[in-house]
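The values are calculated or read from the model by the stated rules, or taken from the named source; none is laboratory data. Note that the structure is a prediction, hence the values are computed from the model and not measured. As a convention, Cβ positions derive from the backbone with ideal geometry for all residues, glycine included, and neighbour counts pool all protein chains shown.
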Amino acid sequence: MRVLFIGGTGNLSRDCTFLALRRGMEVFHLNRGTRPGLTPQGVTSIHADIHDGEASSRALGGLRFDAVVDFIAYRPEEVMADLRLFRDRTAQYVFISSASAYQKPPSRHLIDESTPLANPFWQYSRDKIACERLLVEEGSRLGLGWTIVRPSHTYGSTWIPSAFGSSDFTVARRMLDGREVVVQGDGQALWTLTHARDFAVGLVGLLGKPGALGEAVQVMGDEALTWDEIHRAIAEALGVEPRIVHVPSEFIAKVDPDLGQHFLGDKTWTSLFDCSKLRRLVPDFRTSVPFREGIRESVDYYLADPGRQKVNPDTDAAIDRILAAWRRAVG
C-alpha cells in the first residue's frame with residue numbers, strides 16, 4: 001500500500017509514519033524539507049510547499065497513492081486545493097479535523113460522530129467545520145473517496161500537554177521554578193488525552209479501509225482525567241509539587257480574549273467520547289500508553305537536553321497577567 005503524508009514530521013504524523021513503515025506500507029512525505037532530521041529512514045521525501053499547488057503538482061509528477069493524509073490543512077481553501085491536486089492521484093483523501101469542532105457548550109456528556117458541529121467561541125474550530133462541510137460536498141461531487149478523522153488532545157514524546165499549550169516547556173518550567181500555574185474552572189472537568197502512538201493505530205488502520213470512505217471517525221483513547229490530575233501528573237514526572245490556582249474560564253477570557261476562545265471553545269468542557277465506530281473499523285485500536293507513562297516519556301525528553309526547554313514568553317506573561325487580575329478580583 002502506498003500512502004502520502006502531507007507534513008509527516010509533526011506531533012501526530014511522525015508516529016503515524018513509524019507505524020505505517022512497520023506495517024510494510026510504502027510511505028511518502030510531502031513537505032518543504034525544513035526538518036530533515038525528523039524524517040524516518042525508509043520514507044521517500046517529496047519537497048514542495050503544499051500551499052503552492054503548481055510546485056506540488058510538479059514535485060508529485062505522475063505518482064498515485066492508495067491514500068493521502070493532510071495533517072496541516074486548516075482552512076477550506078486549503079482543502080479545496082487538495083481536492084484539485086489529488087482528485088486523480090488517490091483513492092482516499094483523509095482530512096485531519098478536530099474534536100473541538102463538536103458543539104460547545106455540549107448538549108450531552110458523551111460525544112460520538114453524530115454530535116452536532118458548532119463552536120461559537122473558537123475560530124480554529126469553525127474553520128475545521130467549514131473544511132469538513134466543503135469536503136463532504138466537493139469531494140462527493142468530484143467522486144473522490146474521503147475520510148474525516150477527528151482527534152482529541154493528542155500528544156507525543158515532544159509535547160507536554162497542559163491547559164496553556166503543549167508544544168513547549170512553559171508550564172513545566174513554571175512548576176520547576178515553584179511558580180503558580182493556572183487551571184481553568186475548578187479543575188474537575190474530565191479531559192481525554194491520547195498518545196500519538198495510540199492515535200497512529202487508529203489513523204493507519206483507517207487507510208485503505210472501504211468502510212471508512214465517506215465517513216467521519218473520531219480517533220482518541222478512553223482515558224479521561226480531570227485537569228487537576230493532568231497537571232499533578234506533569235508535576236509528579238518533574239519531581240515537584242504543583243502550585244495550582246483555579247480561575248474560571250470566563251474570567252480568563254476577559255483578561256485575554258485570545259486565550260478565552262481557546263478555553264471556552266474547547267478545554268472548559270468535559271470531553272468524553274464513544275469510539276464504537278473506530279473500533280468496528282479498526283478492531284486492534286486501544287489505549288496502550290496511559291498518561292502517567294506517556295508524560296514521563298515527554299518530561300524525560302525535555303530534561304535530557306536543556307536546549308529543548310523552550311519557554312513561550314507570551315504564554316508565560318499571559319499566565320502572570322491572569323493570576324494578577326484574579327488576585328485583584330478576589331481581594
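Annotations
- Segment 287-299: number of residues that are surrounded by fewer than 18 Cβ atoms within 10 Å (Cβ to Cβ) and out of contact with any helix residue (DSSP H, G or I) (no Cβ under 8 Å at 6 or more places or on another chain): 3
- Any hit, segment 259-274, residues being part of a helix (DSSP H, G or I), more than 22 Å from the chain's Cα centre (by Cα) and either of a type outside the set (Asp, Glu) or surrounded by fewer than 17 Cβ atoms within 10 Å (Cβ to Cβ) (or both): no
- Conditions (1) more than 24 Å from Ala189 (Cβ to Cβ); (2) at pLDDT below 95: number failed by Ser271: (1)
- Gly165 being at pLDDT below 95, within 18 Å of the chain's Cα centre (by Cα) and not aromatic (Phe, Trp, Tyr): yes
- Selected residue [assigned by TED's automatic domain parsing to the domain that holds Pro210, aliphatic (A, V, I, L, M), outside any strand (DSSP E or B) and more than 24 Å from Phe273 (Cβ to Cβ)] from Leu135, Leu144: Leu144
- Which listed residue, of Val171, Val181, is outside the structural domain of Tyr93 (by TED's automatic domain parsing), outside any helix (DSSP H, G or I) and either modelled with pLDDT under 95 or more than 18 Å from Val94 (Cα to Cα) (or both): Val181
- Residue match in segment 93-101 (condition: under 30 Å from Ala163 (Cβ atoms), in a loop (DSSP other than H, G, I, E, B) and at pLDDT 95 or above): yes
- Checked against (1) part of a helix (DSSP H, G or I); (2) more than 20 Å from Val171 (Cβ to Cβ), Leu323 passes all but a single condition, namely (2).
- The residue pairs whose first member lies in segment 182-199 and is free of Cβ contacts under 8 Å to residues at least 12 places away in the same chain, whose second member is in a loop (DSSP other than H, G, I, E, B) and among the basic types (Lys, Arg), and whose beta carbons are closer than 7 Å, counting only pairs six or more residues apart or on different chains, do not exist in this structure.
- Among residues of segment 93-124 being hydroxyl-bearing (Ser, Thr, Tyr) and more than 15 Å from Val79 (Cβ to Cβ), the one that is surrounded by the fewest Cβ atoms within 10 Å (Cβ to Cβ) is Ser114.
- Residue selected from segment 138-165 under the condition farther than 22 Å from Leu19 by Cβ and touching a Gly at 6+ places or on another chain (Cβ under 9 Å), by the criterion surrounded by the fewest Cβ atoms within 10 Å (Cβ to Cβ): Ser140
- Checklist (1) closer than 16 Å to Ser166 by Cβ; (2) assigned to a loop (DSSP other than H, G, I, E, B) applied to Leu225, failing item: (2)
- Gln188, sole failed condition from (1) assigned to a helix (DSSP H, G or I); (2) modelled with pLDDT of 95 or more: (1)
- All positions within segment 275-310 that are among the aliphatic types (A, V, I, L, M) and assigned to a loop (DSSP other than H, G, I, E, B): Val282, Val289, Ala304
- Within segment 192-223, the only residue that satisfies the criterion of being surrounded by fewer than 21 Cβ atoms within 10 Å (Cβ to Cβ), under 13 Å from Gly294 (Cα atoms) and in contact with a Gly (Cβ under 8 Å, 6 or more places away or on another chain) is Arg197.
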